[in-house]
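**Student:** Let me give you the structure first, and then I'll get to my questions.
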Amino acid sequence: QSDMQSWEEQSQGAIYTVEYACSAIKNMTDSSVYFKSIDSLLKHSIAIKEQLNAAQGRRYPAKSREKNPGIIR
């Protein structure tokens with residue numbers, strides 16, 4: 001009976017470990033949607049920043065920037 005109890009405890013421990021691992025994998029899989037969203041938002045913000053930098057460059061030509069060193073690009 002003691003062997004049977006030991007086997008049952010080991011089995012329960014193994015089942016718990018497998019369930020925990022499956023849960024962790026499911027959570028990582030589910031989070032991929034959020035990572036894709038973050039990636040998209042970062043790419044979009046970089047594109048907007050580049051547009052702003054280009055627009056600022058057109059607004060303040062080189063001579064103007066030399067006269068106004070305080071302008072941040």
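Coordinate-derived values only; no laboratory data. In this text, all values refer to a predicted model and were calculated from it rather than measured experimentally. Cβ sites come from the backbone with ideal geometry, for glycine too, and all protein chains shown count toward neighbours.
**Student:** For an R0 of 35 angstrom, estimate the FRET efficiency from the Cβ-Cβ distance between ASP3 and SER32 and round to the nearest 0.05.
**Tutor:** 0.20
**Student:** Oh, and also: Using a 7 Å offset from the Cα along the Cα-to-Cβ direction at both SER45 and TYR16, what is the distance between the two label points in nm, to one decimal?
**Tutor:** 4.1 nm
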